[in-house]
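Working notes, beginning with the structure itself.
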Amino acid sequence: MPGHTGGVTRRLSRALACAVLAVALVGCSDDSDDPDSEESTSSSESGSDSGSPSPSDTLLVPDGVELTDEGADLDVGETATVAYEVRQGVVGVLDITVTRLEKTSFGDSFVGWDLSDETKTTKPYFVRATVANRGETDLGELRLQPLYVLDGTDTLIESTLFGSTFKPCNPDAFPAPFPPGATADLCMVYLVPDKGDLVSASFRPTEADIPITWSGELEKPKPPKDDKGKGKGKGKNKDKGTKG
């Protein structure tokens, strides 16, 4: 990612650190896919320069698993091996490969949705990733909450939570079950404030962690799959233990 190397992390003003975008989407599509009220929370890219280990450095991982260095700057298509606390006392260990960064529009991907005026001030993007469970815990139905996008103002944007299946970009959560050794393809929706740009995807479990980022060309969205028996991840998970 331009301007980001190794253990150096850029700082933001307090104003950006406290910026929060509340997004409300009311479904009016023919199949009554009504998402709940959603928040896409922007948080700062400020990090810790104390030299002390980050939380990810202190987590136990299975023998033979080597974690990707914090601050790694990857290209789309490359894989990072990460560990983070998905909730208190439960550690997830994953291989994450960000496979596509997609730029879309409300007119192309949200046909039939009743959008609030505030939502219309954002710009929608999709991030697709292939994820493998390298740990020892079943992570079924959890969302990959520490995967953000970074916009042109160095602000982290959280993925948007849907209360039901959003067909153009689905699933956004691991299937159930998702045991050790399992692999899943995920797609997450991000609404960037002020019609901003998506600069990169960013994995950052806590503020003390130096993010791992993926950069690449923005592509047009893939057409939705008509897979009736798949896509169990519907974003209803209430995993409150994941930090961002």
For ASP138, put the label point 7 Å out on the Cα→Cβ axis and report which residues of the range 165-180 keep their amide N under 12 Å from it.
176-180
Please give the length that would be gained between GLU118 and GLN88 if that part of the chain were fully extended, namely 0.36 nm times their separation in residues minus their C-alpha to C-alpha distance (nm, one decimal).
7.4 nm
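PHE106 to ALA182: FRET efficiency via 1/(1 + (r/R0)^6), r the Cβ-Cβ distance, R0 35 Å, to the nearest 0.05?
0.55
When you count, for each residue, the other Cβ atoms within 10 Å and take the mean per peptide, how do 111-119, 148-156, 198-206, 89-97 rank with the highest first?
So the peptides 111-119, 148-156, 198-206, 89-97, ranked by packing, come out 198-206, 148-156, 89-97, 111-119.
Read-outs: derived from the displayed coordinates by stated rules, not from any lab. Since the model is a prediction, treat every value here as computed from it, not as a measurement. Note: ideal-geometry Cβ built from the backbone for every residue, glycine included; neighbour counts use all protein chains shown.
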